[in-house]
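Only one structure is covered here, and it is reproduced in the block below.
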Amino acid sequence: MGILKQTLNRSNFVASSLSPGYHLSALSTFSSDRDDQTLRRHVKKQLRKRMVGLRMTVPTSACAIRSAAIIERLKQLPILETAAQIALFWPILAKHEVDLRELDTLLRARGATIAYPYIAETESISDDGPMDFRLLSDIGDLESSSLGFLQPPADAPIAYSLDAIIVPALAIDPFGHRIGYGAGYYDCALREVTSQIPSCVTIGVAYDYQLISEVPVTPGDIAVAWIVTDSRVMQAGGST
């Protein structure tokens with residue numbers, strides 16, 4: 001347990017540069033597989049709490065500047081120059097999320113079709129996942145959900161031909177593993193979409209200070225293929 005305590009206190013949890021950091025694989029040396037997963041979940045929970053708090057300390061003006069820089073880097077990705085159907089996410093500005101609304105405008109202007117996450121109010125997590133992506137022709141049609149974000153109406157058509165999905169993150173590592181709010185909606189949806197459309201490119205976006213050396217991987221986690229921050233573009237497992 002001393003290793004876990006040390007891990008939770010390491011300042012490199014919130015590193016804007018990729019220092020060697022902690023290595024969760026070392027935990028398995030001292031514990032069974034079951035204990036290892038318990039520790040990973042605990043570390044992930046602590047990371048999530050810490051990153052939510054950290055993001056809220058950043059002024060909204062700084063979030064806007066960083067979001068604009070992320071959009072500029074996204075525009076340089078070849079897939080976003082040619083993709084016909086792209087899934088974005090509408091930001092919860094009160095939580096200081098990355099704001100990609102301008103990217104929506106730019107992609108539509110070049111003729112791309114845009115989709116957004118949709119979660120049915122009556123569904124819950126299942127093997128198939130309760131979240132899908134629905135096409136949206138007019139952002140004015142977005143509706144409030146009980147989870148606090150805007151989503152397409154229930155009768156919006158499902159996006160069956162996605163070329164790319166842009167995914168939010170509270171924390172993300174160079175291997176494409178990310179931490180979200182903990183419900184698993186994106187993991188389920190990404191698994192479903194990429195199994196049906198193997199060519200679909202998944203892109204995680206985060207502020208650069210949310211890029212950490214290692215995210216604790218737990219069963220069901222799905223890594224993204226690319227990482228884009230306000231300071232860098234990385235292919236998962238590759239180089240900047």
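The values are calculated or read from the model by the stated rules, or taken from the named source; none is laboratory data. From a predicted model like this one, the values you see are computed outputs, not experimental measurements. So basically every Cβ, Gly included, is an ideal-geometry build from the backbone, and we count neighbours across all protein chains shown. We work out accessible area using only protein heavy atoms, side chains counted, and drop any ligands, DNA or RNA first. Shrake-Rupley method; radii C 1.70, N 1.55, O 1.52, S 1.80 Å.
Using a 1.4 angstrom probe on the protein heavy atoms only, could you order Phe149, Phe133 from most to least accessible area?
Phe149, Phe133
Taking the Cβ-Cβ separation of Val52 and Ser145 as r and a Förster radius of 22 Å, what is the calculated FRET efficiency to the nearest 0.05? My answer for the efficiency is 0.70.
Ranked by solvent-accessible area (1.4 Å probe, protein heavy atoms only, all chains present), the residues Tyr116, Tyr209, Tyr181, Tyr160 order from largest to smallest as Tyr160, Tyr181, Tyr209, Tyr116.
Once neighbouring chains are kept in place and the probe is 1.4 Å, which whole percent of the accessible area of the range 62-108 is contributed by carbon and sulfur? It is 59 percent, rounded to a whole number. Taking 1.002 mPa s as the viscosity and 20 °C as the temperature, the Stokes-Einstein diffusion coefficient of the range 156-225 based on its alpha-carbon Kirkwood radius rounds to 171 µm²/s.
Site pair Leu106 and Asp35 shows an inter-label distance of 5.0 nm when each label is modelled 7 Å from Cα along Cα→Cβ.
Between Ser161 and Arg232, the modelled label-to-label distance comes to 3.7 nm, taking each label 7 Å out from Cα in the direction of the beta carbon. Thr82 contributes an accessible area of around 100 Å² to the protein surface, as traced by a 1.4 Å probe with all chains present. If the Kirkwood radius is taken over C-alpha pairs of the range 50-95, then at 37 °C and 0.692 mPa s the Stokes-Einstein diffusion coefficient equals 262 µm²/s. On full extension, the segment bounded by Lys75 and Asp138 gains 20.5 nm, given 0.36 nm per residue less the C-alpha separation. Using the alpha-carbon positions of the range 191-240, Rg (one decimal) and Dmax (whole number) come out as 11.9, 33 Å. Applying Stokes-Einstein at 20 °C and 1.002 mPa s to the Kirkwood radius of the range 54-176, computed over alpha-carbon pairs, gives a translational diffusion coefficient of 138 µm² s⁻¹.
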